[in-house]
Amino acid sequence: MKADPIGVATGSHYIDGDHACAEGAIAAGCRFLAGYPITPSTEVAERMAERFPKVGGMFIQMEDELASMAAVVGAAWAGPKSMTVTSGPGFSLMMENLGLAIMMETPCVVVNVQRGGPSTGLPTLTGQADMMQARWGSHGDYEIIAISPNSPQECFDLTVKAFNLSEKYRVPVLFMMDECVGHMTEKVVIPEADKIDIVPRNFYKGKKEDYRPYKFNGDNSVGPMIKAGDGYNIHITGLTHDERGYPVINADAQDKNVNHLVDKIIKNEEDIRMIETDQIDDAEVIVISYGITSRVALKAVQDARAAGMKVGIMRLITVWPFPEKLIKKLSSKVKAFIVPEINLGQVSIEVERCAAGKATTIGVPHAGGWVHDPNDILKAIKKGVK
Amino acid sequence: MDIRFSGFGGQGIIKSGMLIGKAASLFDSKFATLTQSFGPEARGGACSAQVVIDSNAVLYPYIVTPEILVAMSQEAYEKFIGDPKKGSIVLTDTDLVKPKTKRKDVKLFSIPATRIAEEMGNRIFANVVMVGFFTAITGVVSIDAMKKALPGSVPDRFIDKNIEALERGYTYGKELTN
């Protein structure tokens, strides 16, 4: 299906990542936003609040981030594609109801424009230190999809993809921007509506009494949804449940329910995966990065290649689910992985785990507040090729 | 080309950077990345916009040593004058900046941008006068692209005034260098 032209601001724009994310959401068909303002994400909500009346959308500024996430879950079950937007401290407050969205298999998008943490940290400066929180922040076992854009253009393009993936897998998709990308202004080209692929909500069309909100048959796919208010007497809950949505509090039900939540993502990793690679075939060293760091890393890789080093680059556009099989395969071919990230080592731990000692993993940590000096990444590359 | 536009909040510093980046990337077929920094105050605090313009995609988004510095306040001038590399272009507002720190290894050009804007009826146009001056002196963006960048970025009813401001700054710059 193609995007509804009413929400697509076709043309060339000079806008920042936050505004581009807002345009991506509206183009993707998002018509409900609940949020609480927080730097550096507020501009996303501002733009959507301004644009929504023209496209029939609704923005509610909630009392806090707990309520924002709850409203998103409720709205999604009432039909519209729904989203919230926040930054670190607000993301922490959303974790409980994010778990509810995961457990109730609710499609939605959660935008986190990352800033330096912990706590209120660096409100106006960049960070990438919420990546592990994105993976494990809510309690219990689950798998999630997280996407990291590296430019305002991608804030548009990938927000559309985030909504599409959330509909396809009935899972919250975490859109992990960072302050640098969010507040950076660049050219953003928004295509014609008929060039934008949209995954619509899969609504149930059968007999009312036959509807089951969940499908735990082991094929790692999800079933259709209904709209609250259309006369379906169904039950959905955060408790462990059966396919009818009713609570079943025992180990057998837990096994089916939780394995389904994990497998629908992990077993479809290759379908979900968005990765860019360059010159990895003969590489002795591969630099793995995501978000804004991938741009700075490319600068370092270009310098390293100019100096004759055999360096490849891999950019994780989807960071979660992690491309475990791919990294395992590559680890027997290269000497080292270099992992620069604006945190003290989060994704690098995953790389190290997958490399399993076959290749060295060299992290290039940065506590936040700025992007890496490309020379620091270059130094790590030099260490890796030795 | 690394450019820093600086002044105090309320002067339209960020807007100036935005206009230059928009002109370069939408109408001059270049890549332009704008980042900004400001203090906690809404008005009056130090404020700067950084624009990186390149014929290739911009990888490192921030500027380290600007090749062009525009200072529209004394505070901004003194704060940033140490940064530009040798041979850089420094543009100031004649009336608002009285350099205490003088650098002999940069090319300094001044325009009474705020005074010109006041002659036009409102000092709010000072930043666009400066953008016109910037266009004439640096040649980093074309005057045609700058004119095209105005619609959508300034209120429609003030388009003509902004074009006039742009042209006055541009003409002042051309006369100064001819």
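Things to note:
- Distant-in-sequence amide H partners of residue A:111 (H built 1.01 Å from N, under 5 Å): A:84, A:85, A:86, A:175
- Prolate/oblate/rounded call for the stretch A:175-217, Cα gyration tensor, a/c under 1.5 rounded: oblate
- With loop membership from DSSP and a limit of 15 other Cβ atoms within 10 Å, the longest segment of chain B without trypsin sites (Lys or Arg not before Pro) is B:105-178.
- Three principal axis lengths of the stretch A:24-75 [C-alpha, angstrom, descending]: 26, 25, 16
- When shorter helices are ignored and each DSSP H run of at least 4 residues is given -39500 (n - 2.57), the per-residue value for chain B at 222 nm works out to -10500 deg cm²/dmol.
- Cα centroid separation - the stretch A:81-108 against the stretch A:304-377, whole Å: 28
- Per-residue mean of C-beta atoms belonging to partner chains within 10 Å, peptide A:184-191: 6
- Hydrodynamic radius (Kirkwood) for the protein assembly as shown, which is based on Cα pairs only, to one decimal in Å: 25.2
- Our coupling estimate for the stretch A:78-91, obtained by passing each phi through the Karplus curve with A = 6.51, B = -1.76, C = 1.60 and θ = phi - 60°, is 8, x, x, 5, 10, 8, 9, 9, 7, 9, x, x, x, 4 Hz, Gly and Pro reported as x.
- Restricting the stretch B:106-171 to GluC sites (Glu not before Pro) in coil, as DSSP defines it, with at most 16 other Cβ within 10 Å: none
- Sorted ascending by nearby beta carbons within 10 Å, beginning with the fewest, A:386, A:379 become A:386, A:379.
- Cα centroid separation, the stretch B:45-105 to the stretch A:17-62: 35 Å.
- Global form of the stretch A:218-326, assessed from the alpha-carbon gyration tensor, a/c cut-off 1.5: prolate
- Multiplying each eigenvalue of the alpha-carbon gyration tensor of the stretch B:2-177 by 5 and taking the square root yields semi-axes of 21, 20, 16 Å, largest first, rounded to whole angstroms.
- Amide H to amide H distances under 5 Å link residue A:187 with B:32, where only residues 5 or more positions off or on other chains count and H is placed in the peptide plane.
- Relative frequency of Cα-Cα separations exceeding 16 Å in the stretch A:262-355, percent: 53
- Its Kirkwood hydrodynamic radius, worked out from the mean inverse distance over all distinct Cα pairs, puts the stretch A:131-259 at 17.4 Å.
The numbers here are math on the coordinates, done by the rules we state, and not lab data. From a predicted model like this one, the values you see are computed outputs, not experimental measurements. Quick reminder, even Gly has a Cβ in these numbers, built from the backbone with ideal geometry, and neighbours come from all protein chains shown.
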